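Step one of this worksheet: look at the structure below.
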Amino acid sequence: MIIETERLFLRQMTLEDTDTLALVLSDPDSMKFYPHPFSREEVENWIQWNLDNYEKYGFGLWAVCLKESGEMIGDCGITMQQVEKEFFPEIGYHLRKEFRKKGYATEAAKACAEFAKNRGMKKIISYMKSDNLPSRHVAEGTGMKFIKAFTKTVMGKLVEDEVLYMMDL
């Protein structure tokens, strides 16, 4: 276990989590703000990217699990992201749709911000499509403030209308 909150625990993902994480990352509704839903291979690559991040940085996106049952409901954590010409630690989150609107993403994101602060990070960001209101609400609920709109390349495609939120730690 990496992080524990009132209702959740976050742990490192493994490739054994592929089917469960695919419930989020392969779902068209869940991925409507991404270029496309992920294939099984892309879900495996996503997990491998995080395994590599754990080794390189000591953090990544972690499996979000319910304390009560141990069930994995998505991922949340910190990755290094480039926004324009700067690199920042970014809090990202993806939850299965049946677990949304219950405060889990905000609870996990707040715990990740505290993790970042305890590791000496000075700022943390989240970015998302400007029309991704649920994600914007999580960023705001975590204590982040809107900074600016920008463009970014995601999975090789230019994504317009991104917004950046930031918090000093």
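The values are calculated or read from the model by the stated rules, or taken from the named source; none is laboratory data. Predicted model, so just to flag it, every value in this text is computed and none were measured. Cβ placement follows ideal geometry from the backbone for every residue including glycine, while neighbour counts extend to all protein chains displayed. Just the protein is used for accessible areas: all its heavy atoms, side chains included, with ligands, DNA and RNA removed. Shrake-Rupley method; radii C 1.70, N 1.55, O 1.52, S 1.80 Å.
Summary of values
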read-out	value
Test: residue in the range 53-67 that is part of a helix (DSSP H, G or I), at pLDDT 95 or above, out of contact with any Ser or Thr (no Cβ under 6 Å at 6 or more places or on another chain) and small (G, A, S)	no
Residue in the range 73-94 that is in contact (Cβ under 8 Å) with a residue 40 or more places away in the chain, under 21 Å from A22 (Cα atoms) and outside any strand (DSSP E or B) present	no
Residue check, F115 touching a residue at least 40 places away in the same chain (Cβ under 8 Å) and assigned to a helix (DSSP H, G or I)	yes
Residue, surrounded by the fewest Cβ atoms within 10 Å (Cβ to Cβ), within the range 41-76, restricted to residues that are in contact with a strand residue (DSSP E or B) (Cβ under 8 Å, 6 or more places away or on another chain) and polar (S, T, N, Q)	N53
Number of positions in the range 12-37 that are touching a residue at least 24 places away in the same chain (Cβ under 8 Å), open to solvent by 60 Å² or more (accessible area, probe 1.4 Å), outside any helix (DSSP H, G or I) and closer than 21 Å to K102 by Cβ	1
Residue count for the range 77-99, restricted to those that are open to solvent by 70 Å² or more (accessible area, probe 1.4 Å), farther than 20 Å from N118 by Cα and in contact with a strand residue (DSSP E or B) (Cβ under 9 Å, 6 or more places away or on another chain)	3
Checklist (1) open to solvent by 20 Å² or more (accessible area, probe 1.4 Å); (2) modelled with pLDDT under 95; (3) β-branched (V, I, T) applied to V163, failing item	(1)
